[in-house]
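Chemist: Have a look at the structure that comes next, please.
The values are calculated or read from the model by the stated rules, or taken from the named source; none is laboratory data. Given the structure is predicted, the values throughout are model-derived calculations rather than measurements. Cβ coordinates were reconstructed from backbone atoms using ideal geometry, including for glycine residues, and neighbour counts include every protein chain displayed. Note: areas computed on protein heavy atoms with side chains; ligands, DNA, RNA excluded. Shrake-Rupley method; radii C 1.70, N 1.55, O 1.52, S 1.80 Å.
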Amino acid sequence: MNTKHTPGPWSEFGPGSPTVYGGDPTRRICVLDRQTGASMEECYANARLIAAAPDLLAALEKLHRLHCGLDSWHEDAMADAWVNACTAIAKAKGEA
């Protein structure tokens, strides 16, 4: 199955229950709550990771295309791909 996901960018928002939105504030992707026994800190960390998913996917796809020769490789393209990957990782970790 190759279902398309809601286009990014996705964003995480609180307070209350951490909520992830896709594209615009009317498109709710998910709401995280503490019913699973997770702390609020863990719920917000999970929301940040979920919100970063489209960025992480795009960064990995770009690196894959460069590695496989599907995109023309040059130093600037690789540097841009690494910057995108590092930015997505920072977003997922709540450092951006």
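Chemist: Considering only residues that are open to solvent by 60 Å² or more (accessible area, probe 1.4 Å) and touching a Phe, Trp or Tyr at 6+ places or on another chain (Cβ under 9 Å), which ones fall in the range 28-39? Spell out how you get there, then give the answer.
Modeler: So the first thing to find is which residues in the range 28-39 are open to solvent by 60 Å² or more (accessible area, probe 1.4 Å), and the list is 28, 31, 33-37.
If the condition is that a residue be open to solvent by 60 Å² or more (accessible area, probe 1.4 Å) and touching a Phe, Trp or Tyr at 6+ places or on another chain (Cβ under 9 Å), then Arg28 is the only one that fits.
Okay, residues lined up against (1) polar (S, T, N, Q); (2) without any contact (Cβ under 8 Å) to a residue 12 or more places away in the chain; (3) open to solvent by less than 50 Å² (accessible area, probe 1.4 Å); (4) in a helix (DSSP H, G or I):
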| residue | (1), (2), (3), (4) |
| --- | --- |
| Glu41 | no, yes, no, yes |
| Arg48 | no, no, no, yes |
| Ala59 | no, no, yes, yes |
| Lys62 | no, no, no, yes |
| Ser72 | yes, yes, no, no |
| Asp76 | no, yes, no, yes |
| Cys86 | no, yes, no, yes |
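Chemist: Answer yes or no as to whether Ala90 is small (Gly, Ala, Ser), in a helix (DSSP H, G or I), open to solvent by less than 40 Å² (accessible area, probe 1.4 Å) and under 20 Å from Thr6 (Cβ atoms). First the steps, then the outcome.
Modeler: Values: small (Gly, Ala, Ser): yes; in a helix (DSSP H, G or I): yes; open to solvent by less than 40 Å² (accessible area, probe 1.4 Å): yes; under 20 Å from Thr6 (Cβ atoms): no.
Spelling it out, it is not the case that Ala90 is small (Gly, Ala, Ser), in a helix (DSSP H, G or I), open to solvent by less than 40 Å² (accessible area, probe 1.4 Å) and under 20 Å from Thr6 (Cβ atoms).
Chemist: Quick check on my filter: what residues within the range 4-22 are within 16 Å of Ala52 (Cα to Cα) and either part of a strand (DSSP E or B) or open to solvent by less than 60 Å² (accessible area, probe 1.4 Å) (or both)?
Modeler: Of everything in the range 4-22, those that are within 16 Å of Ala52 (Cα to Cα) and either part of a strand (DSSP E or B) or open to solvent by less than 60 Å² (accessible area, probe 1.4 Å) (or both) turn out to be Thr6, Gly8, Trp10, Ser11, Glu12, Phe13, Gly14, Pro18, Thr19, Val20, Tyr21, Gly22.
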